[in-house]
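First the structure, in the form of structure tokens, and then the observations on it.
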Amino acid sequence: EERKGDVKHSLADISKAKQLIGYQPQINIQEGLNLTIPWYADTYQQAVV
């Protein structure tokens, strides 16, 4: 069920960033998740200990 404030439709588009500042991603989404998830798990673990 939808909640107040939920985003119903979202499409990421970096074309304006590419055009204005020459942004070019260094890694793809899968590589980013493979790096990010362990980082969060490690960071959370350290905060709890």
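Order Leu20, Leu33, Leu11, most accessible first, counting only protein heavy atoms with a 1.4 angstrom probe.
Numbers: Leu20 125, Leu33 80, Leu11 165 Å².
The most accessible residue leads, giving Leu11, Leu20, Leu33.
Report ³J(HN,Hα) in whole Hz for each residue of region 26-41, in order, from the Karplus equation J = 6.51 cos²θ - 1.76 cosθ + 1.60 where θ = phi - 60°; Gly and Pro get x.
Once θ is set to phi - 60°, the couplings for region 26-41 become 8, 9, 8, 4, 5, 4, x, 5, 4, 8, 6, 4, x, 4, 5, 4 Hz.
Give the residue list of GluC sites (Glu not before Pro) in the chain that are DSSP loop and have at most 16 other beta-carbon atoms within 10 angstrom.
Values: sites: Glu1, Glu2, Glu31; in loops: Glu1, Glu2.
Loop-located and lightly packed - Glu1, Glu2.
Taking all protein chains in place and a 1.4 Å probe, what share, in percent, of the accessible surface of the chain do carbon and sulfur account for?
With neighbouring chains kept in place, the figure for the chain is 56 percent.
The values are calculated or read from the model by the stated rules, or taken from the named source; none is laboratory data. Small disclaimer: the values here were computed from a predicted structure and weren't measured. As a convention, Cβ positions derive from the backbone with ideal geometry for all residues, glycine included, and neighbour counts pool all protein chains shown. Note: areas computed on protein heavy atoms with side chains; ligands, DNA, RNA excluded. Shrake-Rupley method; radii C 1.70, N 1.55, O 1.52, S 1.80 Å.
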